[in-house]
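The values are calculated or read from the model by the stated rules, or taken from the named source; none is laboratory data. These figures come from a predicted structure and were not determined experimentally. All Cβ positions, even for glycine, are placed from backbone atoms using ideal geometry, and neighbour counts span all protein chains on display. Side chains included, ligands, DNA and RNA excluded: accessible areas come from the protein's heavy atoms. Shrake-Rupley method; radii C 1.70, N 1.55, O 1.52, S 1.80 Å.
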Amino acid sequence: LLEESPISENIVLEPQKTYSNIFHTNGGNEAYSVMANTLRGIYGADVLIAAGNSFTGNVLKAGYTEKMAGNMIMPNGLSAYKRKMSGAELKKTVRNFVEGYQGGFNPFNRGSQPVEWYVGNRGSLPVFSGISVEIRETEDGYTLSKVAKDGKEIRDTDTFMVTCLATPQHMEAYPTGKNIVFDVGEFSVKDTWIENVSDGNTVLAEPEDYLTLR
């Protein structure tokens, strides 16, 4: 039998504050923002977009073992997709994550449930780091209204290194076309996260108000 690498029972991560995963229409999800902002630094991206099913819950003021820290990432095969984008491409990508794509793309905040379920389930909206977005809630779902960075609307000619966190089944249907092709990370997000926190030197980033829902 192959031997699995032992999981350390030592404390590898010690958040200094508890962050709630309750969704707020002005700000978004504080705990998920902490995770997204920290991972954006790990991946060296200007912008990080995480599907709503990327993280698991509250971030607690407690001592996390390697196993506990790994459980902060959803066990769904989450992968990282990276690409340099123009501002126009970034806005299109954000819109696709929020609204979906007509013609076959399965929206990240939808599945087999009726539309009414998603309108009430705001926690299914994606998480953003490095940008802030304004989204409108309608009877048909969600519509992107605005994408900004540092309080200024993104220009089409701006350039960004963007990392998207999503499951392969979602990204396989993503409308990349000939102009938008992502580089897929060699390791899963969970494995990358564990690798970075295992030395005990990871400091969690502060949360940001990344979303306004109107």
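Taking θ as phi - 60° and the Karplus parameters 6.51, -1.76 and 1.60, the scalar couplings of the stretch 12-19 work out to 10, 8, 10, x, 8, 7, 8, 10 Hz in sequence order, x denoting glycine and proline. Surface listing: V59, V181 arranged by accessible area from highest to lowest gives V181, V59, probe 1.4 Å.
Each residue of the stretch 21-31 is assigned a 3J(HN,Hα), and the resulting list reads 9, 6, 7, 10, 5, 10, x, x, 10, 4, 5 Hz, derived from the Karplus form 6.51 cos²θ - 1.76 cosθ + 1.60 (θ = phi - 60°), x at Gly and Pro. Close amide H contacts of G52 (hydrogens built in the peptide plane, cut-off under 5 Å, sequence separation of 5 or more or a different chain): V127. Between A80 and G185, V189, the built amide H atoms are under 5 Å apart, and every one of these is 5 or more places off in sequence or on another chain.
Per-residue surface analysis assigns D156 an accessible area of about 80 Å², computed on protein heavy atoms at 1.4 Å probe radius. The phi-based Karplus calculation (6.51 cos²θ - 1.76 cosθ + 1.60; θ = phi - 60°) puts the 3J(HN,Hα) values of the stretch 132-144 at 10, 10, 10, 10, 9, 8, 10, 5, 9, x, 10, 10, 6 Hz, whole numbers, x for Gly and Pro.
Restricting the trypsin sites (Lys or Arg not before Pro) of the stretch 151-210 to loop positions (DSSP other than H, G, I, E, B) with no more than 12 neighbouring Cβ atoms within 10 Å leaves R155, K178. Annotation: L60 carries an accessible surface of approximately 80 Å², with a 1.4 Å probe and no ligand, DNA or RNA atoms counted. Loop-located GluC sites (Glu not before Pro) across the stretch 3-89 with a Cβ neighbour count of 11 or fewer within 10 Å are E3, E4, E9, with loop assigned by DSSP. Computed with every protein chain present, the accessible area of T18 is close to 70 Å² [probe 1.4 Å]. Once backbone amide H atoms are built at 1.01 Å from N, K146 has E134 as its partners under 5 Å, excluding neighbours fewer than 5 places away on the same chain. Which of the GluC sites (Glu not before Pro) found in the stretch 137-214 are loop residues per DSSP with 15 or fewer other Cβ atoms within 10 Å of their Cβ? Qualifying residues, ordered by number: E139, E172, E186.
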